[in-house]
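Chemist: The structure under discussion is supplied below as structure tokens; questions concerning it will follow.
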Amino acid sequence: MAYAERGVSAPPEVVFNTATDPDRISSWLPEPLLSSDPAREGDAGQLRARWTARGADWSAELHVEPVDAGGSRLRLELGGGGEDVDRLADEALNSLAREVADNLQAG
């Protein structure tokens, strides 16, 4: 299991909506989860979402929390096999932050 955290200069709702947008998910969620048609469950009220790979041992849980000045703190818990799970968790949050920035610039 790997854990990664980072801050983003965007409102929590924008971050959560970007993260859970089916059209944007492939740009940030790690490949092992995408290749197995992940099942998503979530709680929009708590800005929490979880993806579980069907037929595989991969899972991801994202928490988005508000911070001062209208920003967000992202916490990702990534479960899966292999040595690269820590790197994948960091890369996933960096990719999500880029998607959020792109989403804000487009809107």
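The values are calculated or read from the model by the stated rules, or taken from the named source; none is laboratory data. All values derive from a computational prediction rather than experimental measurement. Note that we place each Cβ from the backbone using ideal geometry, even for glycine, and neighbour counts take in every protein chain shown. Each accessible area value is taken on the protein alone, full model and side chains, heavy atoms only, with ligands, DNA and RNA left out. Shrake-Rupley method; radii C 1.70, N 1.55, O 1.52, S 1.80 Å.
Chemist: Looking only at residues that are in contact with a strand residue (DSSP E or B) (Cβ under 9 Å, 6 or more places away or on another chain) and open to solvent by 60 Å² or more (accessible area, probe 1.4 Å) in the stretch 56-72, which one is farthest from ILE25 (Cα to Cα)?
Modeler: VAL67
Chemist: OK, next. Just to be sure I understand, how many residues within the stretch 2-44 are closer than 24 Å to ASP86 by Cβ and modelled with pLDDT of 90 or more?
Modeler: 17
Chemist: Output the residues belonging to the stretch 60-95 that are in a strand (DSSP E or B) and over 12 Å from the mean Cα position of the chain (by Cα).
Modeler: Residues of the stretch 60-95 that are in a strand (DSSP E or B), as a first pass: 60-66, 72-79.
Residues satisfying the conditions are GLU65, PRO66, SER72, GLY79.
Chemist: When residues of the stretch 9-19 are filtered for being buried (at least 22 other Cβ atoms within 10 Å of the Cβ) and among the aliphatic types (A, V, I, L, M), how many remain?
Modeler: So the answer is 2.
Chemist: Another question, if that's okay. Can you pull out every residue in the stretch 79-104 that is in contact with a Pro (Cβ under 7 Å, 6 or more places away or on another chain) and either of a type in the set (D, E, K, R) or closer than 17 Å to GLU5 by Cα (or both)?
Modeler: Looking only at the stretch 79-104, we keep the residues that are in contact with a Pro (Cβ under 7 Å, 6 or more places away or on another chain), and these are 80, 88, 92.
Across the stretch 79-104, the qualifying residues are LEU88, ALA92.
Chemist: Within the stretch 20-37, track down each residue that is open to solvent by 40 Å² or more (accessible area, probe 1.4 Å) and more than 16 Å from ASP90 (Cα to Cα).
Modeler: Once the filter is applied, which keeps residues that are open to solvent by 40 Å² or more (accessible area, probe 1.4 Å) and more than 16 Å from ASP90 (Cα to Cα), the stretch 20-37 yields ASP21, PRO22, ASP23, ARG24, LEU34, SER35, ASP37.
Chemist: Of these, ARG75, ARG48, which one is basic (Lys, Arg), closer than 11 Å to PRO12 by Cα and surrounded by 15 or more Cβ atoms within 10 Å (Cβ to Cβ)?
Modeler: Answer to the check: ARG48.
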